[in-house]
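These notes are about the structure you will find just below.
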Amino acid sequence: MFMPFDGTFLMLIPALIFAFWAQFKVQSTFQKYTKVRAGNGLTGRQMANSILTRNGIGDVTVEPVPGALTDHYDPRTKKVRLSEPVYNGASIAAVAVGAHECGHVLQHAQGYVPLQLRSAIAPVAGFGSMLAFPLFMIGFLFGGAQMRWLMDLGVAFFAGAVLFHLVTLPVEFDASKRALVQLNESGALMPEEVGAAKKVLDAAALTYVAAAAMSALQLLRLVMLRNSRD
């Protein structure tokens, strides 16, 4: 993602520090509450299935996925995929993450617009972010005035990736809000356990904020470098 060092790189340092801290925060919080068993004894899989049943959703399946913190909901296949520690774990962290992914299911079922927008732009954003820096680098390092269109194209592609990160924020925050409502209203967790679950979800949300901040600053940096060639 990074160009050869120049003065504009310094503007990324605060976002980098924040990103490292957010990653540490989510991992440490998850590890802490992975060791705290949920009073109801439910695993992440059981909690997810319970929420789906409670909301009358019968066309979504819950399945394990390799890795740690790889949990996600795929609206195309209608599958909630939970990492092994969440799928089989009966901890506060596992229950919280399972409920969060079901929050995305509820968004999908209710036609939540930001989720629809994120799903629509995800393929384009992924393709654009892959091409953005090579195109910009070629135009920046090797092109003259006649090649500046490559830099402009790179900036435009990366702007799509920034849009994806920005749209992700309300999607993730709303999913966590829905998860906590489900945990509260169902009585699945005691009030103090819901508070612990909220800490897990809040820590996870920081990683999305950090990603959005980093991408926005990187876009600003590309624009500044592009303008420096004028």
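The values are calculated or read from the model by the stated rules, or taken from the named source; none is laboratory data. Keep in mind that this is a model prediction, so the values were computed, not measured. So basically every Cβ, Gly included, is an ideal-geometry build from the backbone, and we count neighbours across all protein chains shown.
Of all residues assigned to the range 8-18, none qualifies as being β-branched (Val, Ile, Thr), within 27 Å of residue 186 (Cα to Cα) and surrounded by 13 or more Cβ atoms within 10 Å (Cβ to Cβ).
Tell me yes or no: at least one residue of the range 133-154 is within 19 Å of residue 8 (Cβ to Cβ) and of a type in the set (Lys, Arg). Checked against the condition, which is being within 19 Å of residue 8 (Cβ to Cβ) and of a type in the set (Lys, Arg), the range 133-154 yields at least one hit. Just one residue in the set 103, 98, 56 is small (Gly, Ala, Ser) and over 17 Å from the mean Cα position of the chain (by Cα); that residue is 56.
Checked against (1) touching a strand residue (DSSP E or B) at 6+ places or on another chain (Cβ under 7 Å); (2) closer than 14 Å to residue 88 by Cα, residue 73 meets all criteria but (2). Looking only at residues of the range 47-75 that are over 26 Å from residue 23 (Cα atoms) and touching a Cys at 6+ places or on another chain (Cβ under 7 Å), we find that the one that is surrounded by the most Cβ atoms within 10 Å (Cβ to Cβ) is 51. Within the range 186-204, restricting attention to residues that are small (Gly, Ala, Ser) and crowded, with 18+ Cβ neighbours inside 10 Å, the residue that is farthest from the chain's Cα centre (by Cα) is 188. Going through (1) touching a residue at least 60 places away in the same chain (Cβ under 8 Å); (2) closer than 14 Å to residue 93 by Cβ; (3) of a type in the set (S, T, N, Q) one by one, residue 43 falls short only on (1). For residue 79, the stated conditions do not hold, so it cannot be described as basic (Lys, Arg), within 18 Å of residue 195 (Cβ to Cβ) and modelled with pLDDT of 95 or more.
Among the residues of the range 102-118, is any loosely packed, with under 15 Cβ neighbours inside 10 Å and not in a helix (DSSP H, G or I)? The answer is yes, given that some residue of the range 102-118 is loosely packed, with under 15 Cβ neighbours inside 10 Å and not in a helix (DSSP H, G or I).
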